[in-house]
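Okay, so here's the structure we're looking at.
The values are calculated or read from the model by the stated rules, or taken from the named source; none is laboratory data. What you are looking at is a predicted structure, and each value in this text was computed from that prediction instead of being measured. Here Cβ is always computed from backbone atoms with ideal geometry, including for glycine, and neighbour counts include all displayed protein chains. Remember, those area values only see protein heavy atoms, side chains included, never the ligands or the DNA or RNA. Shrake-Rupley method; radii C 1.70, N 1.55, O 1.52, S 1.80 Å.
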Amino acid sequence: MFLKSSSSISPVRSHAGCAPAGAFWRARRAALVSLALLPVACSDAGPVDGAPAEVLEGDVAEAALELALPFAIDPRKSLIVTETDVVSAFTLEDVLQQLIDQAGASVTATPLTVFRQLMNNHRPGASDPNNIGPNCDDEPPNAGDLEPVDDPPPGLPPFPPEEKNQTGSINDWPIFCPRTADDIDSDPFADAESDSAYMATTLANRFDLAPPDGAHCGEYRVVFAKRSGITNGLNRNFIIFEARLPNPNPSQGRLGCQAVVDFWVNQSDPAKSPATRAAELHDFYFDGLSGFEPVIHIDHYGPEGGQIRTNEFVRPNGLPLTSWSLRQFEIAHAGPTGGWLLIAPSFVTDNPAGKLFTNASGDPRVTSFQGTFFPSVVERLAATDDINRFAYGEAVPSQYEAGESLMIPLHNNYLNKLTSAPTAFRNGIQAELTAMGSSLTPEQIVGRAQSLACAGCHEPVNVDNEFFKTKLDENGQPVPDFDDPESPLDVGLPSNPLRTLGFTHTSEQTEAVDETTTRQRFRISKMLSDVFLPFRQQVMEDFLLNHPILGFEKPGAWTSTQAQLSVHTGRVVEGISSLEILTPGAFHAVVSPNFSTAGLTIGNKITVDLFVSPAQPNPSWVGNVEVLISIPSAGINNEWAGNVPLTPVTRGSFQRIQFGSLATATKNALSATPRPTDVKLQFNFNVTSNSGPYYLDNVRFEN
C-alpha cells in the first residue's frame, strides 16, 4: 500500500547557478529521442520562499563585501559542488549504510537490499518475486484520471503497452507502471565502474530554503547518477537525497543556522585543497556540525520535511519511453530500536495533478482546486518578477498532489489543460490579478505554477509541448540547441531564464574546472549557473551582512494594533522577506522592536524601500507615511523624523523613500560609543482605508 502522508514544505519553494568567481557580485515530441541521446540530468532544481537583495555594483560594493567577509564566496564551492575529486568522497553505498545503521541494530538490511527495495517500488506486484516492499500497482488508478498517451511521430517505434497505460496510482493519482525495470535486480555495488553503478555528481547547499522563522536550516542534497548515462542517453537515472536539516535552536530563528552558513562560506577559502574540502563536506553530511544532526539521517527524508527524489529515463534494451519521470519517496522506519526500514513512494510536492486545471467539474477535487485553492494563491504567484521567488506561498493540500511529475504525456502541462478549463476558472484568476493591479495574464500565472512542478522546472514546455526554442540549419530546418536551450514557456518575465540541460540541471558529463589544471567537474545548466546560484549566494550574503530587524527578516518582530502585518517572501528588495501591511482603517502605526545600531552605517536620514499597491480606492489621494524614532537611553522618545506624501509615489514597484534629516543629537546618539541597544522606529500610515497592501523593506540610515 502506498503511503499518503502530508508533506510539509518551505513557505517558498525555489528553483534549483554560478557567477564567475572573480566577479561574484556581477557575477517534444519529435525531439524526444534526440533529447534522450544527449547524456546530460535532473537534480537540484525545483521553484522557495526566498529573495535576493538588490546587488550593489562596481568596485565599491566588492570592497565593502570584502571588509565583512574573509574572502569572496565561490558559488561552485559554497553553493553547488560538482568537482569529481570532491564528490567522489560520497558513495551511494555509504549513504544507504548510514540510514541502515540509524534504523537500529536489529535491522538486517544491506545497502543492496535497500536499493532494490527502492527500485522495487517500480515493479508491478504480479511480476515481483521478491516481495520486499510496495509495488507500483498496489493501488489501481481511477479510470477518469488517466492521461491519453499518443505514439511517437511516424518513423519512430511505437511505445510498448506498459508505457501507454497507467496501471498504478500514488495519492489517488495515476502513475506509469512499471518503470526502471533493469535496476530492480541489478547490483550497483558489485563494480564501481560498471554501467549499473551510481556515482555522486553534485552536492547542493539550499540554505535559501530556510524559512524566515528559521523552523529549519534549509536542505542539503547529494545527487547520484547512474553511470550508464555517461554513454547511453536511453539508460539514465538520478537518485537525489534532499535532507531537511533541523534548526537545533529554533527560538533564535534563522540565526540558529549561523554555523551552517559559516561552514558553507568557508568552503570558498582559497587556501583549502580539494582533499580538505572533500573531507569537511563528508563530515558535514555524515557526522554533522557541533550541535547539529548529520545531514544524512533517516528523519531528514520525510514525512515532516525532506525527501528522496528520482529522475528516471531507464528501460532495458533501449526501449523507448513516454517521458522522463520524477518521483518522490520518504523514509519510514521503526526507530533506533525498531526492526525495519522502508523507502516508500509519496506524492510529489508542489505538483498539482494536471486534471485540476481542466474541465472536470464532476470531480470534487477539481471543483475545490479551481474555486478555492488556486484563486487564493494567484497573488503570491504574481507577486514577483524573479523566478527564484515563484511560490504558492502555502503548502499545496495533499489531495491535489500528483503521484509523479512528467510532461510527456501531459500530466503537468497545466497550460495545455487550461485550454479546456471552465471559463469561470480563468475569470477567477483574472479577477484576482485585476484586484491587485497586475498586468499578468491567467496563462502566465498558470505557466508559473507549471514552472514550479518538477517536470515544469526541468522541461519547461508551452501549451503545445514545445520544450525549447530552436535554431535553423542551412536548409531552414529547426535544430535543437542543446548547449543553451531556451524554453518557450511564458511566465511573464522581462527575459526568459528557462534554460536546462534538456530535462536535467546537472549532468553525467564533465568539463574542466579551470584552464590551469586537469581537474574535472560535472556540468550544470545555465539556469543554475546564471539564475539560481546568484540568487542563493545573495541570500547567504544578506544573512551574513544585513540587519534582521531593519530587513524585516523576523516574523512577528514588528507590531501594530491597527494594521495586519505579515512577512512576504515574494515582494522583496533585500534578504528573503519584506513586511506586508494591510490597512483596514485610515491610521496604522507600525512599530519595530528595540534594536542595536552596532555594525550599522549611520547617516542623517531614515530611508526605506516602499511598495505602494497599484489598486488604490482613491487614486487621487493615497495618503502619507511619517516616521518617529525613540532612543530612551539618550532621552529621545517618539521624536518626529519626517513625513512623505504617497500620492506621487510610483505604484506597483519598490521605491526608495527618504525622510527629512535627523536632528544632530539624534544622529550622534545612534552612532555613540557604545552603540545604543534600545532604538525603536515607528512608521505611521495615514491612508485611505483598504488601500493596501503596502510592503516595507530595507530600512537604513543614509546621508
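Of the residues making up the range 645-655, at least one is out of contact with any strand residue (DSSP E or B) (no Cβ under 9 Å at 6 or more places or on another chain) and either of a type in the set (A, V, I, L, M, F, W, C) or exposed (fewer than 14 other Cβ atoms within 10 Å of the Cβ) (or both).
Checked against (1) β-branched (Val, Ile, Thr); (2) crowded, with 23+ Cβ neighbours inside 10 Å; (3) touching a strand residue (DSSP E or B) at 6+ places or on another chain (Cβ under 9 Å); (4) part of a helix (DSSP H, G or I), Val531 passes all but a single condition, namely (2).
Does at least one position in the range 624-633 carry a residue that is farther than 30 Å from Arg206 by Cα, touching a strand residue (DSSP E or B) at 6+ places or on another chain (Cβ under 6 Å) and of a type in the set (Asp, Glu)? Within the range 624-633, one or more residues are farther than 30 Å from Arg206 by Cα, touching a strand residue (DSSP E or B) at 6+ places or on another chain (Cβ under 6 Å) and of a type in the set (Asp, Glu). Selection over the range 265-276 of residues that are assigned to a helix (DSSP H, G or I) and more than 25 Å from the chain's Cα centre (by Cα) gives a count of 3.
Being crowded, with 21+ Cβ neighbours inside 10 Å and of a type in the set (Val, Ile, Thr): is that true of Val513 here? No, not satisfied.
Mind checking which residues of the range 185-217 are open to solvent by less than 20 Å² (accessible area, probe 1.4 Å), of a type in the set (Ser, Thr, Tyr) and not in a strand (DSSP E or B)?
Taking the range 185-217 and keeping what is open to solvent by less than 20 Å² (accessible area, probe 1.4 Å), we get 186, 188, 197, 200-212, 214, 216-217.
After this cut, where a residue has to be of a type in the set (Ser, Thr, Tyr) as well, the list is 186, 201-202.
Across the range 185-217, the qualifying residue is only Ser186.
Does the range 392-408 contain any residue that is part of a helix (DSSP H, G or I) and crowded, with 19+ Cβ neighbours inside 10 Å?
Step one: filter the range 392-408 for residues part of a helix (DSSP H, G or I), giving 398-400.
With the extra rule that they be crowded, with 19+ Cβ neighbours inside 10 Å, the set shrinks to 399-400.
Scanning the range 392-408, I find at least one residue that is part of a helix (DSSP H, G or I) and crowded, with 19+ Cβ neighbours inside 10 Å, so the answer is yes.
Out of Gly291, Gly306, which single residue is modelled with pLDDT of 95 or more, under 21 Å from Pro211 (Cα atoms), among the small types (Gly, Ala, Ser) and open to solvent by 10 Å² or more (accessible area, probe 1.4 Å)?
Details: Gly306 fails: open to solvent by 10 Å² or more (accessible area, probe 1.4 Å).
Being modelled with pLDDT of 95 or more, under 21 Å from Pro211 (Cα atoms), among the small types (Gly, Ala, Ser) and open to solvent by 10 Å² or more (accessible area, probe 1.4 Å) holds for just one of Gly291, Gly306, which is Gly291.
I'd like to check something: does the range 691-702 contain any residue that is farther than 19 Å from Asn546 by Cβ and exposed (fewer than 15 other Cβ atoms within 10 Å of the Cβ)?
Restricting attention to the range 691-702, the residues satisfying the condition of being farther than 19 Å from Asn546 by Cβ are 691-694.
Still in the running and exposed (fewer than 15 other Cβ atoms within 10 Å of the Cβ): none.
No, every residue in the range 691-702 fails to be farther than 19 Å from Asn546 by Cβ and exposed (fewer than 15 other Cβ atoms within 10 Å of the Cβ).
Looking across the range 117-146 at every residue that is surrounded by fewer than 20 Cβ atoms within 10 Å (Cβ to Cβ) and either farther than 20 Å from Phe347 by Cα or in contact with a His (Cβ under 7 Å, 6 or more places away or on another chain) (or both), the one that is modelled with the highest pLDDT is identified as Ala126.
I'd like to verify a number: residues in the range 98-116 that are of a type in the set (Gly, Ala, Ser) and loosely packed, with under 14 Cβ neighbours inside 10 Å, how many?
Step one: filter the range 98-116 for residues of a type in the set (Gly, Ala, Ser), giving 103-106, 109.
Still in the running and loosely packed, with under 14 Cβ neighbours inside 10 Å: 105-106.
Final tally of qualifying residues: 2.
Take the range 223-252 and flag every residue that is among the β-branched types (Val, Ile, Thr) and buried (at least 21 other Cβ atoms within 10 Å of the Cβ). If the condition is that a residue be among the β-branched types (Val, Ile, Thr) and buried (at least 21 other Cβ atoms within 10 Å of the Cβ), then Val223, Ile239, Ile240 are the ones that fit. Checked against (1) open to solvent by 20 Å² or more (accessible area, probe 1.4 Å); (2) among the hydroxyl-bearing types (Ser, Thr, Tyr); (3) touching a His at 6+ places or on another chain (Cβ under 9 Å), Tyr220 meets all criteria but (1).
Could you grab me the full set of residues in the range 77-93 that are under 29 Å from Ser529 (Cα atoms) and either of a type in the set (A, V, I, L, M) or open to solvent by 20 Å² or more (accessible area, probe 1.4 Å) (or both)? Matches in the range 77-93: Lys77, Leu79, Ile80, Val81, Thr84, Asp85, Val86, Val87, Ser88, Ala89, Thr91, Leu92. Within the range 232-261, residues that are within 27 Å of Thr91 (Cβ to Cβ) have Cβ atoms under 6 Å from residues that are at pLDDT 95 or above and open to solvent by 30 Å² or more (accessible area, probe 1.4 Å) in these pairs: Ala259/Leu289, counting only partners at least 6 apart in sequence or on another chain. The single condition from (1) assigned to a helix (DSSP H, G or I); (2) hydrophobic (A, V, I, L, M, F, W, C); (3) within 19 Å of Cys257 (Cβ to Cβ); (4) within 18 Å of the chain's Cα centre (by Cα) that Leu544 fails is (4).
Hey, could you check the range 448-505 for residues that are farther than 17 Å from Leu326 by Cβ, open to solvent by 10 Å² or more (accessible area, probe 1.4 Å) and of a type in the set (A, V, I, L, M, F, W, C) and say which is modelled with the highest pLDDT? Ranking the candidates gives Leu493 first. Run down Val366, Val377, Val348 and say which single residue is touching a Lys or Arg at 6+ places or on another chain (Cβ under 8 Å), part of a helix (DSSP H, G or I) and modelled with pLDDT of 95 or more. So the residue among Val366, Val377, Val348 that is touching a Lys or Arg at 6+ places or on another chain (Cβ under 8 Å), part of a helix (DSSP H, G or I) and modelled with pLDDT of 95 or more is Val366. Within the range 149-184, which residues are at pLDDT 85 or above and open to solvent by 40 Å² or more (accessible area, probe 1.4 Å)? Selection gives Thr167, Asp172.
Selection of the range 598-617 for residues being closer than 19 Å to Ser671 by Cα, among the hydroxyl-bearing types (Ser, Thr, Tyr) and surrounded by 15 or more Cβ atoms within 10 Å (Cβ to Cβ) yields only Thr607.
Of everything in the range 253-272, what is under 23 Å from Thr518 (Cα atoms), open to solvent by less than 50 Å² (accessible area, probe 1.4 Å) and small (Gly, Ala, Ser)? Give them in sequence order. Walk me through how you get there before you give the answer.
We begin by selecting, within the range 253-272, every residue under 23 Å from Thr518 (Cα atoms); these are 267-272.
From the residues that got through so far, the ones that are open to solvent by less than 50 Å² (accessible area, probe 1.4 Å) too are 267-269, 272.
Hit for the range 253-272 is Ser268, nothing else.
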